[in-house]
Amino acid sequence: MRLLTPVLIALGLAFSAPVIAQPGPAAATATVTDATTAAPVIAAPAQLKPAADVGQPMAKSYTIQPQVTKNGEYALWMHDWLLMPIITVISVFVLALLGWVSFRYRRAANPVPSKTTHNTLIEVVWTLVPVLILVAISIPSIALLAKQYEPVGKDAITIKAIGNQWYWSYEYPDHGGFEIVSNMLPDAEAKRRGEPRLLAVDNRVVVPVGVPIRVLTTSNDVIHSFAMPAFWTKMDAVPGRINETSFTVEKPGVYYGACSELCGARHGFMPIAIEAVAPAQFAQWIASKGGKMPGAKPMTAAATGDAPLGMGVPPKVGDGSGKPMPSATPLTTPATAPATK
Ligand SMILES: [Cu+2]
């Protein structure tokens with residue numbers, strides 16, 4: 001028996017290894033199939049087309065992406081109108097001073113150098129001025145920090161973002177707890193859909209415009225980071241811990257981000273795509289995923305006919321054949337495995 005135990009452990013490991021090595025595609029297929037088969041057939045709203053000038057990197061752009069949240073707008077204002085002017089003035093001033101000293105006090109022009117070692121006025125100035133500059137920067141900076149960590153109100157919607165090697169999955173605990181799995185689209189497919197390569201995903205996170213969103217981040221394996229440049233949002237996703245961040249999107253659209261913590265071989269291939277839509281479309285999307293709006297009865301096939309969704313427009317329903325309507329196709333396509341090359 002003493003000899004048998006290690007042999008049994010080794011055998012066990014050998015059989016479990018392939019399963020551990022392939023969590024992505026297996027998890028992806030299982031979840032999406034569950035969500036689509038268990039759910040009543042309600043068409044998802046048509047996917048929004050991404051705009052070239054917002055929510056993604058732009059050609060020839062050298063600054064921060066346009067911001068679509070209040071915090072982002074404030075931060076961008078601070079960058080454009082406070083930090084950049086100050087650092088420009090300092091850089092130009094120091095360069096000019098350096099040029100002037102090198103030229104005016106070169107050996108040929110100034111053969112007998114000054115032996116001055118102290119000058120009280122200059123020393124007071126070069127101590128006080130930097131202190132005043134730092135104080136001027138710190139006031140809006142600390143205000144921004146406080147805004148970023150302000151807890152969201154009770155009307156916030158919670159979304160749980162879970163990092164996996166190497167894709168994201170999302171849970172909607174306020175809407176029935178369904179899960180979506182989001183894998184990067186292969187280049188050709190992204191191109192076909194008119195979306196940016198390395199950023200487009202098969203299943204986008206959908207959020208309503210103008211409603212505070214609380215994002216809880218965590219991870220199933222290693223540390224990832226949930227980052228969305230256009231929202232001024234970045235939060236580490238740590239295994240065994242739940243971190244919280246929040247944002248309120250002010251403009252409908254498609255916004256792209258990516259994992260921002262080195263997390264392994266395919267770290268660069270686990271993008272995040274968030275689609276911000278009107279509340280009524282959000283309700284329709286929730287119903288198409290088999291979820292329910294808070295306070296609403298669970299959506300059943302019988303109830304979807306005339307019943308409004310609590311937030312307006314009744315949903316489009318299937319033609320009775322049980323097949324999804326054509327517009328439902330993009331969002332209900334089963335998740336694909338990350339492209340391997
Ligand atoms: Cu990652």
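The values are calculated or read from the model by the stated rules, or taken from the named source; none is laboratory data. A quick note: this is a predicted structure, and the numbers were derived from the prediction, not measured. Please note: Cβ atoms are built from the backbone with ideal geometry, for glycine as well, and neighbour counts cover all protein chains shown.
With respect to (1) in contact (Cβ under 8 Å) with a residue 12 or more places away in the chain; (2) not in a loop (DSSP other than H, G, I, E, B), the lone exception for Asp155 is condition (2). Looking only at residues in the range 161-194 that are touching a strand residue (DSSP E or B) at 6+ places or on another chain (Cβ under 8 Å) and assigned to a loop (DSSP other than H, G, I, E, B), the one that is surrounded by the most Cβ atoms within 10 Å (Cβ to Cβ) is Asn183. Scanning the range 194-216 for residues that are within 16 Å of the ligand (Cβ to nearest atom) and farther than 13 Å from Ala273 by Cβ returns a single hit, Val215. Of all residues being under 27 Å from Asp53 (Cα atoms) and among the small types (Gly, Ala, Ser) in the range 217-239, which is nearest to the ligand (Cβ to nearest atom)? Just the residue, please. Looking at the filtered set, the residue picked out is Ser225. Only residues that are on the phi > 0 side of the Ramachandran plot and not assigned by TED's automatic domain parsing to the domain that holds Pro208 were counted across the range 142-195, and they come to 0. When residues in the range 165-193 are screened for being among the hydroxyl-bearing types (Ser, Thr, Tyr) and away from the ligand (no atom under 16 Å from the Cβ), 1 of them pass.
Scanning the range 100-141 for residues that are loosely packed, with under 10 Cβ neighbours inside 10 Å, farther than 30 Å from Met84 by Cα and polar (S, T, N, Q) gives Ser114, Thr116, Thr117, Thr120.
Quick grid of which residues meet (1) part of a strand (DSSP E or B); (2) more than 16 Å from the ligand (Cβ to nearest atom); (3) farther than 14 Å from Val211 by Cβ:
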site	(1), (2), (3)
Arg241	no, no, yes
Glu244	yes, yes, yes
Glu250	no, yes, no
Gly257	yes, no, yes
Leu262	no, no, yes
Ala265	no, no, yes
Ile272	yes, no, yes
